[in-house]
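Asker: Can you read through this structure? Questions will come right after.
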Amino acid sequence: MKPSPPLGIGIDVSKNTLDVVFLLPETSLHFVVPNNKSGIKILIKKCSFSSSSSFPKIVMESTGRYHLLCALLLSSARLDVRVINPLLARRYLSSAVRKVKTDKADALVLAQVAQFEKRLPKPFSATKTDILIRQKMGLLTSLEKQIQTFQAVLRNYSDFQDTLELSRSMTEQTLLDSLKTIQKQREHLEGEISQLIAQQKGFSHSQKILQSIPGISAFTASLLLFLLDTSCQNPKQWVAFCGLDISVRQSGTWKGRGKLTKRGNSYVRKRLFHSAWGAMMTNPDFRSYYDSLRQAGHSYVESLLIISRKLLRISFALLQKNIPFDSSFSLFS
């Protein structure tokens, strides 16, 4: 007879292994499997319980790309997989009396999260296409960082050459040409990501709505549709997800200066900042709004961050109403 299901299952993910804890009524069962297809198949077999109606939740942390294979295969086996923010697990860990930091202990905490946490995220439902998009986004993020570093080095080098009136060698010119090639490949990669997202059901029309907003490119529109939950009831959830919300620092009568939480998706935050700059430079209404923010005492960066939040709220409202952007919309509402 197959065993009864545990109260919760926690999986601590690393690059090479998966530490798994089955939380039982009076004890816990810990074992380790490789973080590959064969190891995850072993885990799926161990999750064959007698009662499928009361199957426990399986909780793991979001760990870049290392959790994706496990979450994909477990969800494909119709298991209830929840991928959580590490901050949630840390909250449970900090409440423990004994401060133990091992893979086994972390998996036990995640099993406890699976049993007790009432506000877990929705079951993992990403497809291979979703994961491919996220992989390409990670590659794009790394590529852009390399391009920025390379640009800074070549700019300083070229300025120094111009000051001394030195000519470029063939090798130096090749490096400049290589940078242009990489930049073109970045554009191609953005196009691939946009195309993959646009092919998803219902995204093509929504993408056109977002592109009607000043400063929002086709690529940024694709990112917003892919990463943000369009079923949210309030745009504040989008703002928080992008890390554009302001942290409150207050104690008694003292009130400190608020700062961005920066806990959300850093890449989307960067793209929205670029979109805010584009809207300010190309649209007279956004330019007027920017000027009013500067006159009110906000810095250049603060003003563009405020416009970034405004773009998110406009995007949310337009998608809710299923209408494109119109110049008659008030930016101050």
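Asker: Hey, among LEU79, LEU18, which residue is within 27 Å of the chain's Cα centre (by Cα), assigned to a loop (DSSP other than H, G, I, E, B) and not charged (D, E, K, R)?
Answerer: Every option except LEU79 fails the conditions.
Yes or no, residue by residue, for (1) assigned to a helix (DSSP H, G or I); (2) in contact (Cβ under 8 Å) with a residue 40 or more places away in the chain:
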site	(1), (2)
GLN207	yes, no
ILE216	no, yes
LEU224	yes, yes
GLN233	no, no
LYS236	yes, no
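Asker: Taking the residues in segment 36-57 that are over 16 Å from SER76 (Cβ atoms) and surrounded by 19 or more Cβ atoms within 10 Å (Cβ to Cβ) as candidates, determine which candidate is modelled with the highest pLDDT.
Answerer: My answer is LYS57.
Asker: Quick one: would you say ARG271 is crowded, with 17+ Cβ neighbours inside 10 Å and outside any loop (DSSP other than H, G, I, E, B)?
Answerer: Criteria met by ARG271.
Asker: Show the residue pairs meeting these rules: Cβ distance below 8 Å; 6+ apart or different chains; first residue within segment 313-327 and assigned by TED's automatic domain parsing to the domain that holds ILE216; second residue surrounded by 14 or more Cβ atoms within 10 Å (Cβ to Cβ) and acidic (Asp, Glu).
Answerer: SER327/ASP285
Asker: Would you be able to say whether some residue in segment 148-165 is touching a residue at least 40 places away in the same chain (Cβ under 8 Å) and either exposed (fewer than 15 other Cβ atoms within 10 Å of the Cβ) or part of a helix (DSSP H, G or I) (or both)?
Answerer: Checked against the condition, which is being touching a residue at least 40 places away in the same chain (Cβ under 8 Å) and either exposed (fewer than 15 other Cβ atoms within 10 Å of the Cβ) or part of a helix (DSSP H, G or I) (or both), segment 148-165 yields no hits at all.
Asker: I've got another one for you. Does GLY215 count as over 22 Å from the mean Cα position of the chain (by Cα), surrounded by 16 or more Cβ atoms within 10 Å (Cβ to Cβ), modelled with pLDDT of 85 or more and closer than 21 Å to GLU144 by Cα?
Answerer: Taking the combined requirement at face value, the residue does not satisfy it.
Asker: Examine segment 268-283 for a residue that is closer than 20 Å to GLN237 by Cβ, of a type in the set (Lys, Arg) and either touching a helix residue (DSSP H, G or I) at 6+ places or on another chain (Cβ under 7 Å) or touching a residue at least 60 places away in the same chain (Cβ under 8 Å) (or both), and state whether such a residue exists.
Answerer: yes
The values are calculated or read from the model by the stated rules, or taken from the named source; none is laboratory data. Just so you know, these numbers come straight off a predicted model, no measurement behind them. Please note: Cβ atoms are built from the backbone with ideal geometry, for glycine as well, and neighbour counts cover all protein chains shown.
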